[in-house]
Amino acid sequence: EGRLAALAECAAGIGDLQVRNRGTVGGGLAHADPAGDAPAVALALDVAIDAHGPQGARSIPAAEFVLGPYETALAAGELAVGIRVPVPPAGSGSAYVKVEHPASGFALAGAAALVLPDGSSRIALTGIGGAPVLLADESGIDELEVAGDRFAGADYRRHLARVVVRRALERARARTEGGAP
């Protein structure tokens with residue numbers, strides 16, 4: 001089913017076999033690595049993170065969860081204990097595409113896309129700054145502040161962002177029609 005395919009694509013590309021077998025999606029979200037895959041997919045799919053701590057239980061929308069590099073909305077003593085993924089309507093499609101650093105597997109640029117039956121979309125990027133970002137549309141990449149580092153300069157990373165957004169949207173749109181898996 002293409003509606004939640006972005007989750008499977010994200011999970012398949014995280015770390016190495018040992019990390020995938022021992023890590024958790026909630027742990028990946030709570031780590032809030034600026035190049036992490038899970039936060040972008042959570043943002044595009046409008047996931048809610050369930051947290052529990054000394055003050056009790058609460059639910060945090062993905063859009064409010066990652067505050068910056070390695071910083072989340074979790075309070076002191078609070079743990080991410082689950083995630084809730086709303087199932088998109090029938091006729092939706094999603095995808096996650098990244099260009100990864102060859103040694104670490106982290107995203108130099110990654111895009112999660114959800115295309116709804118009416119043609120509207122939710123697109124989130126990772127690897128281009130301190131936190132995942134939700135785009136208003138494809139052209140929103142031009143307004144973003146993109147970080148460069150020793151692995152990829154800002155201009156190259158912006159180029160990669162355009163490429164992964166285009167590919168993720170193409171794959172997600174194909175899945176709305178029952179096409180590509």
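The values are calculated or read from the model by the stated rules, or taken from the named source; none is laboratory data. Since the structure is predicted, the reported quantities are computational estimates derived from the model, not experimental observations. Neighbour counts run over all protein chains shown; Cβ positions are idealised from the backbone, glycine included. All accessible areas refer to the heavy atoms of the entire protein, side chains included, with ligands and DNA or RNA removed. Shrake-Rupley method; radii C 1.70, N 1.55, O 1.52, S 1.80 Å.
Quick notes on this structure:
- Rg ratio for the chain: its Cα radius of gyration over 2.2 N^0.38 Å, N being its residue count, equals 0.98.
- Compared with the alpha-carbon gap, the fully stretched path from R166 to A76 is longer by 28.5 nm at 0.36 nm per residue.
- Between region 124-165 and region 10-29, the Cα center-to-center distance that results, in Å: 23 Å
- When you filter the chymotrypsin sites (Phe, Trp or Tyr not before Pro) in region 106-181 for DSSP loop state and at most 15 other Cβ atoms inside 10 Å of their Cβ, you are left with F151.
- Prolate/oblate/rounded label for region 21-94 (Cα gyration tensor, a/c 1.5): prolate
- Carbon and sulfur %, accessible surface of region 38-181 computed with the full protein complex present, 1.4 Å: 53 percent
- Restricting the GluC sites (Glu not before Pro) of region 1-105 to loop positions (DSSP other than H, G, I, E, B) with no more than 14 neighbouring Cβ atoms within 10 Å leaves E1.
- With all protein chains kept in place, the per residue accessible area of region 14-168 amounts to 49 square angstrom at a probe of 1.4 angstrom.
- Label point distance in nm, R58-A90, each placed 7 Å from Cα along Cα→Cβ: 3.8 nm
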